[in-house]
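Derivation of every value follows stated rules applied to the coordinates shown; laboratory data play no part. Keep in mind that this is a model prediction, so the values were computed, not measured. Here Cβ is always computed from backbone atoms with ideal geometry, including for glycine, and neighbour counts include all displayed protein chains.
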Amino acid sequence: MRVLAAALWIASFLFAVVVVAAELQVPLDHAGRVKRIDAALAQRLRMFTDRPDFQDARLFQLADSSYVLEITSLAGAGLSRDRIPLTAAAADSLRGAVSTALAEHHTTPVLDSSGRPLFVAATTATCFGLYGWAVPFLFMEGASSEAATGAYLLIASGGTFIPLWLTRHRPVSTGAALMSWYGMSRGALHGALLPSALSDDPGEKSPVGGAFALSIAEGVAGFEWASRTGMTEGSAATINNLGDVGALYGLGFADLADANSQTAAAATGSWNGRTSRSARA
């Protein structure tokens, strides 16, 4: 039963990855520098002038290699989204127009770094709170306290400087930062629980190793998912909240299942006791 639960959990995660891969955000220019055209950039490029309430435009590639241009505009007190199907040739023509406009108007696209402070803060907190002590515990058994302390400090500091270096030329949206933090924090919980689902006696290091591995895996997966699909802050927050609600539902159902099994065991024991007394009589 535990193996089945673990298999279903892993299958659902892989299914989510496949579904996400069905629609991938791609650059709007040939150089791969423009992932999103906002209102300010559109004004400099003299594009989308037929839409006075234009907000932004993104290009997505579908699983069948076709494309969709998603244009967001103001509509009264809210937003409206137009999804315009494009062939591969039309998408290439759009990229050419954007590249030409960038060169013609001497415009350099600005990276979206709105989520970078949150992303670096999240990686720093995770390295201080989990990775820093998990690595000595898992891989430095028998090492001196000085070596373990040095490893902890090195990993903790790496949680700040490595993400800063990796994202120096890469956009980091708020949505990507939220998904990365959710993956790192909830991945640690998933990894700590997974060994218990696979074995009655997972050992001392298995939960820590699972938490360490899945925290990194889900953190990277969440960041890439949000970055590649152009996920907004609202979408990321919705996914995170619904994921937590699902975890609470799972906890409740697990508690109910355990209570039901205990009730059945008690009833069985009571019945066996009555049967034994009747046999003796």
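Points worth noting:
- Sum of side-chain charges, Ile216 neighbourhood, beta-carbon under 13 Å (Lys, Arg +1; Asp, Glu -1): -1
- Gained length - Asp53 relative to Met140, 0.36 nm times residue gap less alpha-carbon distance: 25.4 nm
- For the stretch 18-123, the relative contact order comes to 25 percent (Cα pairs under 8 Å, sequence separation of at least 6).
- Alpha carbon centroid spacing (whole Å) that separates the stretch 180-196 from the stretch 95-139: 22
- Net charge over other residues, Cβ less than 14 angstrom from the Cβ of Ser227 (K, R count +1; D, E count -1): +2
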